[in-house]
Amino acid sequence: MKVNNKKKMISLLFLVIFIISCNVIYWHNRAFKEGDYFIDVEGNIVSKRYEIAGSFQDGITSFTKKEGDKDIYYYMDTSFRVIGSAKYYGDLWQESCNGEAIFIHLDKNGIEIFNKEMKPISNIPYVFDGIDNMRWSDKESQMGNVGPNGLFPLKDKKSGLWGYYDIKGNEVIAPKFERAKNFNSDDVAIVRMSDGYRIIDSDGNYKLENPFKEIYLCGNGIAYVQKDEDSEFQFIDLEGNVLTDEKIKYTDSSKRFSDGFLPVQIGEYAQSRWGFIDSNMEYLVEPQYETVHNFANEMAGVENKDGLWGYVDITGQEVIPCQFESVYDFGEYDLAPIKVNGKYGMIRKDGSYYIEPYLDDIRPFSDGYACVHLKKGQKVKVCK
């Protein structure tokens, strides 16, 4: 009798071990609950679940966590370690300075700037006229974004004029402008004076002799300007030389030079088409697309007249035909998320699938990881 009981216990133990093993095998690399996860390039889930997470930039990303009826923003590094103090959660924004992440916190009494470890860099006394309009409203904002050179525009409270500070709190360019915008990768910024808009360098010196009615900075040492109300917009270099005629349009300030090429537009309204030019104003791609992305990793997304997306490369060839509902830019590992029949996957630069389209969302790889939305029990299957 005792022998039979012992055999039953051993059988039951093996059954429990078998069930547990099956569960471990099934749930290996699978989402335990629907949400956002981070994966490595092999498709392995390497993080816990987040309600909403973003892509890494300069080694930092944000995620949200529901606390009561509010979504609170947190920041973490590539080890998935939360950084910062609960005092600031929801009240920080991340920027990039000389390729490093920094954080900025504003309150009624000043500007606090932290490094990527959330250690203080500076505390600049400043009394804001209402928190809501610190920096988001073009008319009412009192501070601009930090440029790649570490300078940011700030409105002087006494004079009402704008100057520039560095992230350590030092005044670098004295307040003398009616309005000031952020520095770009060319180390220049647009400022407004009573006679119009001008371009300055990081020492506050004017780059062009005469003011303009409008200026847009395109990168690669090129600007898009309108001299006066009776003039057409034209491209110029930062020496003031006119580069091309008024037929080529730059109508979207989010478009910029990248990989040496700039998206431009020909035509008006519904008849307009997009292409790409180089810094010599020569066409890489003649205007033929409904819209285009900036180049990233030597590839640019393009949309044809049927609303389908593909990619052109830096030779100007449509190397991946327009066949997707939408596309992301190519990120690390030369991979790009695409959308087919409402689902997302990833492709390689040769157009082959790295991940077939069956996911609700996936972002480009950055700092070694991609953010992907998974349903309960779902895993990421990489195409070999």
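The values are calculated or read from the model by the stated rules, or taken from the named source; none is laboratory data. All of these numbers come straight from a predicted model, not from anything done at the bench. Cβ sites come from the backbone with ideal geometry, for glycine too, and all protein chains shown count toward neighbours.
Suppose we filter segment 77-111 for residues that are part of a strand (DSSP E or B) and modelled with pLDDT under 80; how many remain?
Here is the first cut: in segment 77-111, the ones part of a strand (DSSP E or B) are 77, 82-83, 92-97, 100-107, 110-111.
Now restrict to residues that are modelled with pLDDT under 80: 107.
Total meeting the criteria: 1.
Select from segment 158-181 the residues that are surrounded by 18 or more Cβ atoms within 10 Å (Cβ to Cβ) and of a type outside the set (Gly, Ala, Ser) and list them in ascending order.
At the first step, the residues of segment 158-181 found to be surrounded by 18 or more Cβ atoms within 10 Å (Cβ to Cβ) are 162-167, 173, 175, 177, 180-181.
Matches in segment 158-181: Trp162, Tyr164, Tyr165, Asp166, Ile167, Ile173, Pro175, Phe177, Lys181.
Which of (1) without any contact (Cβ under 8 Å) to a residue 40 or more places away in the chain; (2) under 28 Å from Asp77 (Cα atoms); (3) buried (at least 17 other Cβ atoms within 10 Å of the Cβ) is the odd one out, the single condition Pro357 does not satisfy?
(2)
Could you count how many residues in segment 209-245 are within 24 Å of Glu282 (Cβ to Cβ), assigned to a loop (DSSP other than H, G, I, E, B) and within 31 Å of the chain's Cα centre (by Cα)?
Matching residues across segment 209-245 total 8.
One residue is enough: does segment 182-196 have a residue meeting the conditions among the aromatic types (Phe, Trp, Tyr), over 23 Å from the mean Cα position of the chain (by Cα) and at pLDDT 95 or above?
So the first thing to find is which residues in segment 182-196 are among the aromatic types (Phe, Trp, Tyr), and the list is 183.
So of that shortlist, the ones also over 23 Å from the mean Cα position of the chain (by Cα) come out as none.
No, because not a single residue in segment 182-196 is among the aromatic types (Phe, Trp, Tyr), over 23 Å from the mean Cα position of the chain (by Cα) and at pLDDT 95 or above.
Would you check which residues across segment 46-76 are part of a strand (DSSP E or B) and surrounded by fewer than 17 Cβ atoms within 10 Å (Cβ to Cβ) and list them?
Within segment 46-76, the first condition is being part of a strand (DSSP E or B), and the residues that meet it are 50, 52-53, 57, 60-67, 70-76.
Ile52, Gln57, Lys65, Lys66, Glu67, Lys70, Asp71, Ile72, listed by residue number.
For the subset of segment 112-139 comprising residues that are at pLDDT 70 or above and of a type in the set (A, V, I, L, M, F, W, C), which member is surrounded by the fewest Cβ atoms within 10 Å (Cβ to Cβ)? Explain how you work it out, then say what you get.
So in segment 112-139, the residues at pLDDT 70 or above come out as 112-129.
Now restrict to residues that are of a type in the set (A, V, I, L, M, F, W, C): 113-114, 118, 121, 124, 127-128.
Numbers: Ile113: 23, Phe114: 22, Met118: 17, Ile121: 16, Ile124: 18, Val127: 9, Phe128: 20.
Going through the qualifying residues, I end up with Val127.
Suppose the filter is over 26 Å from Met76 (Cβ atoms), touching a strand residue (DSSP E or B) at 6+ places or on another chain (Cβ under 9 Å) and not in a strand (DSSP E or B); does Lys339 pass it? Give the derivation first.
Numbers: over 26 Å from Met76 (Cβ atoms): yes; touching a strand residue (DSSP E or B) at 6+ places or on another chain (Cβ under 9 Å): yes; not in a strand (DSSP E or B): no.
No; evaluated as a whole, the condition is false for this residue.
So which residues in segment 178-198 are part of a strand (DSSP E or B), on the phi > 0 side of the Ramachandran plot and either aromatic (Phe, Trp, Tyr) or in contact with a Ser or Thr (Cβ under 6 Å, 6 or more places away or on another chain) (or both), if there are any at all?
Those that are part of a strand (DSSP E or B), on the phi > 0 side of the Ramachandran plot and either aromatic (Phe, Trp, Tyr) or in contact with a Ser or Thr (Cβ under 6 Å, 6 or more places away or on another chain) (or both): none in segment 178-198.
Restricting attention to segment 302-309, does a residue exist that is closer than 30 Å to Ser231 by Cβ, more than 19 Å from the chain's Cα centre (by Cα) and in contact (Cβ under 8 Å) with a residue 12 or more places away in the chain? Steps first, answer last, please.
The initial filter retains those residues of segment 302-309 that are closer than 30 Å to Ser231 by Cβ, namely none.
Within segment 302-309, none of the residues are closer than 30 Å to Ser231 by Cβ, more than 19 Å from the chain's Cα centre (by Cα) and in contact (Cβ under 8 Å) with a residue 12 or more places away in the chain.
Those residues that are closer than 19 Å to Gln271 by Cβ and surrounded by 15 or more Cβ atoms within 10 Å (Cβ to Cβ), I need them from segment 300-321; list them, please.
Within segment 300-321, the first condition is being closer than 19 Å to Gln271 by Cβ, and the residues that meet it are 302-307.
Scanning segment 300-321 gives Val302, Glu303, Asn304.
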